[in-house]
Amino acid sequence: MNHFQYKGNELHAEEVSLKEIVARVGSPVYVYSHATLTRHFTAFDEAFAGVPHTICYSVKANSTQAVLRTFITLGGGADIVSGGELYRALQAGVDPKKVVYSGVGKKDDEIEYALNTGILMFNVESEQELTRISEIASRMGKKAGIAIRVNPDVDPQTHPYITTGLKNAKFGITIDRAMAEYARAKTLPGIDVIGIDMHIGSQLTKVTPFVDSIEKLKTMIANLRGQGIDLQYFDCGGGLGIQYSTEEPPLPADYGKEIVAATKELGMHLLFEPGRNIVGNAGILVATCLFTKERDEKNFIMIDAGMNDLARPALYGSFHGVQPVVKDQDGMIVADIVGPICESGDFLVKDREVPMFRQGDLMAFMSAGAYGFAMSSTYNSRPRVAEVMVKGNQFEVVRERETVEDLIRGERVPSFL
Ligand code: LLP
């Protein structure tokens, strides 16, 4: 359920017409629905109402301040993977005690920043990282809360680029090694061992791989308890999928039931790192048809948004639904909807039946709230687009459209030229 619906033949975000937003803000533009963001966060949160838990929203999915603030206001924390994400989350008002820090490549200055901030824990992804965090924390006279990100070697059955829980992935520490690392962590001066962590992949449409991984970690937890290592936090990661097209992912409530059943006996505080599940269907990208081109072989619809604005189709062959902002086209046509970037991979829709868009028509790419703007770039020197948040009948620009001056900010022509 989302709040992008037609009123008459015009697509709206909550009570606001998208046509009106484009008239005021221009095109292309990302539009987020506050009601949908809230509804999705709350549904996820309520799925764990019966157990101690914290939702550490995965900042990478959409790191815009207004989006972060929405979740923080609802009690959310943050899952971060860089100093930049920590900065963004803090600026949006996050409680550092609700921040977990994952990622295989944490730099010294990022570790220091996180320690100074007083985050809850580092999800440690390698033996060397554990040593490094201990060294830095000791030097600073602090103790770093840590969990080991365990790579459980479970197939999440999703796109290979977003599969992280198999042994051949760069993520986490394998179970055997993790047991030894926990024992070593206990002896390190700068380390406070408080949790265990997993994140096996993204856009999962079944609960089984989560539960299988949890079962493996439970065996570890029992063994660790036997060795006198008692953990407080169980970080189940993110990864719960959404419907883009015909997928039928479990509802958060059903996912919650199974996760709670699998973890209840442990009596641990659960942490979750959802990204896509909360923001994916709460955002759309609105673009304008510039030209159309009909050929014997193929039809093309050229628009003012490209792979630099929404990279997912080009990168993963992902499906995003497309809907006309005003439904007044004369039928359907099989076409590619392509951007202005000079690459053949620059498409948002490939060989699909779509409305017969004409020059000037607006269209909305659905389910673009996660990994949409956050992955956008200025490739081909295209300034990044504006972002708007809608709440009821109000809307505001939450990120200004970039200008051409922004494109060369920080560049220098050297004195020897
Ligand atoms: N936690 C960790 C450690 C992660 O690496 C990720 C995502 C998440 C949580 C959140 O996963 P989610 O709940 O959103 O599935 N760009 C790709 C997705 C990359 C996911 C990277 N890690 C896409 O557009 O499909």
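The values are calculated or read from the model by the stated rules, or taken from the named source; none is laboratory data. Note that the coordinates shown come from a computational prediction; the quantities given were computed from them, not determined experimentally. Note that each Cβ is placed from the backbone with ideal geometry, even for glycine, and that neighbours are counted across all protein chains shown. Ligands, DNA and RNA are excluded from the accessible area calculation, which covers all protein heavy atoms including side chains. Shrake-Rupley method; radii C 1.70, N 1.55, O 1.52, S 1.80 Å.
Quick one: which of 23, 78, 89, 66 is in the same structural domain as residue 284 (by TED's automatic domain parsing), of a type in the set (Gly, Ala, Ser) and not in a loop (DSSP other than H, G, I, E, B)? Before you say what the answer is, go through the steps one by one.
On the way: 78 fails: in the same structural domain as residue 284 (by TED's automatic domain parsing); 89 fails: in the same structural domain as residue 284 (by TED's automatic domain parsing); 66 fails: in the same structural domain as residue 284 (by TED's automatic domain parsing).
After ruling out the rest, the residue left standing is 23.
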### Summary
Residues in the stretch 343-391 that are farther than 24 Å from residue 300 by Cβ and charged (D, E, K, R) total 3
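When you scan the stretch 207-228, how many residues do you find that are in a loop (DSSP other than H, G, I, E, B) and either crowded, with 17+ Cβ neighbours inside 10 Å or of a type in the set (Gly, Ala, Ser) (or both)? Give the derivation first.
Initially, the stretch 207-228 is screened for residues in a loop (DSSP other than H, G, I, E, B), giving 207, 227-228.
Still in the running and either crowded, with 17+ Cβ neighbours inside 10 Å or of a type in the set (Gly, Ala, Ser) (or both): 207, 228.
Number satisfying all stated conditions: 2.
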### Query
Among all residue pairs at least 6 apart or on different chains, which show Cβ distances below 7 Å where the first residue, located in the stretch 204-218, is more than 14 Å from residue 248 (Cα to Cα) and the second is open to solvent by 10 Å² or more (accessible area, probe 1.4 Å) and among the acidic types (Asp, Glu)?
209/155; 211/258
### Task
Return a yes/no flag: does the stretch 230-237 have any residue that is outside any strand (DSSP E or B) and within 13 Å of the ligand (Cβ to nearest atom).
yes
### Task
Report yes if residue 370 is within 16 Å of the ligand (Cβ to nearest atom) and either without any contact (Cβ under 8 Å) to a residue 60 or more places away in the chain or not in a loop (DSSP other than H, G, I, E, B) (or both), otherwise no.
no
### Summary
Matching residues in the stretch 69-79 (of a type outside the set (Val, Ile, Thr) and in contact with a helix residue (DSSP H, G or I) (Cβ under 6 Å, 6 or more places away or on another chain)) number 4
### Query
Using beta carbons and a limit of 6 Å, which pairs, at least six apart or on different chains, have the first residue in the stretch 118-146 and in contact (Cβ under 8 Å) with a residue 60 or more places away in the chain and the second one basic (Lys, Arg) and not in a helix (DSSP H, G or I)?
123/149
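Are any residues in the stretch 175-206 within 22 Å of the chain's Cα centre (by Cα), open to solvent by 30 Å² or more (accessible area, probe 1.4 Å) and more than 13 Å from the ligand (Cβ to nearest atom), and if so, which ones? Talk me through it step by step, then tell me what you get.
Step one: filter the stretch 175-206 for residues within 22 Å of the chain's Cα centre (by Cα), giving 196-206.
Next cut, open to solvent by 30 Å² or more (accessible area, probe 1.4 Å) only: 199, 205-206.
Answer for the stretch 175-206, where residues must be within 22 Å of the chain's Cα centre (by Cα), open to solvent by 30 Å² or more (accessible area, probe 1.4 Å) and more than 13 Å from the ligand (Cβ to nearest atom): just 206.
Restricted to the stretch 240-257, and to residues that are charged (D, E, K, R) and more than 15 Å from residue 209 (Cα to Cα), which residue is surrounded by the most Cβ atoms within 10 Å (Cβ to Cβ)?
Going residue by residue through the stretch 240-257, those that are charged (D, E, K, R) are 247-248, 254, 257.
Remaining after also requiring more than 15 Å from residue 209 (Cα to Cα): 247-248.
Values: 247: 11, 248: 9.
Here the answer is 247.
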### Query
Name the residues in the stretch 229-239 that are open to solvent by 10 Å² or more (accessible area, probe 1.4 Å) and either polar (S, T, N, Q) or free of Cβ contacts under 8 Å to residues at least 40 places away in the same chain (or both), would you?
230, 232
